[in-house]
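Here's the structure we're looking at; comments come further down.
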């Protein structure tokens, strides 16, 4: 959705020139999707390569796709790109087996979460608990909720307003590393904190 809004913003910049230009950019993770540019009465032109532009000249005619440099994109669309929302900060905190005790390397990340909240003046922080697939699904739901509550409570004690911290439990659903049921996977025993 953010990329679509950014694309629409770029179209509006050039719409006053009598033609519309569409440029496909990679998303924040560097992945490239595709767009189909279709004049009102013409055939679609599909673009699936980053930094490729298509111009619509009239109701029935569009140009051929052409490569554009990153410098040109910045020159033409720089203001629109700067207006794009900042990418959320994401932190993954790992826990010991069947516990709400953080692993030492993860505990060291907690001040970074608070700093990300301050730097962004964030009003939306999600704290999402997870477990591996060992044990009963109901128990795992409760364990992942306790993990998320522990981190959420700590963040609130550090000054985050209670009403911006969303505490969520996924239990053994949505594993970071998919496994069969009953598999102990340390990377799935986690809390993800997303600061928007």
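Quick rundown of the values:
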item	result
Pair residue 162, residue 112: separation of 7 Å Cα→Cβ label points (nm)	3.0 nm
Degrees between helix 70-83 axis and first principal axis of the chain (Cα, 0 to 90, nearest 10)	60 degrees
Inter-centroid distance (Cα atoms) of the stretch 138-171 relative to the stretch 52-67, Å	50 Å
Inter-centroid distance (Cα atoms) of the stretch 18-49 relative to the stretch 106-136, Å	35 Å
Fully extended contour minus Cα-Cα distance, from residue 180 to residue 99, at 0.36 nm per residue	27.1 nm
Options (1) 50; (2) 31; (3) 36 - which one matches percent of Cα pairs over 27 Å apart as calculated here	(1)
0 to 90° range, to nearest 10: angle between helix 110-120 axis and the chain longest Cα axis	30 degrees
Difference of contour (0.36 nm per residue) and Cα-Cα distance, residue 40 to residue 19	6.3 nm
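None of the figures in this text is laboratory data; all of them are computed from the coordinates on show. Values in this document were obtained by computation on a predicted structure and should not be read as measured data. Here Cβ is always computed from backbone atoms with ideal geometry, including for glycine, and neighbour counts include all displayed protein chains.
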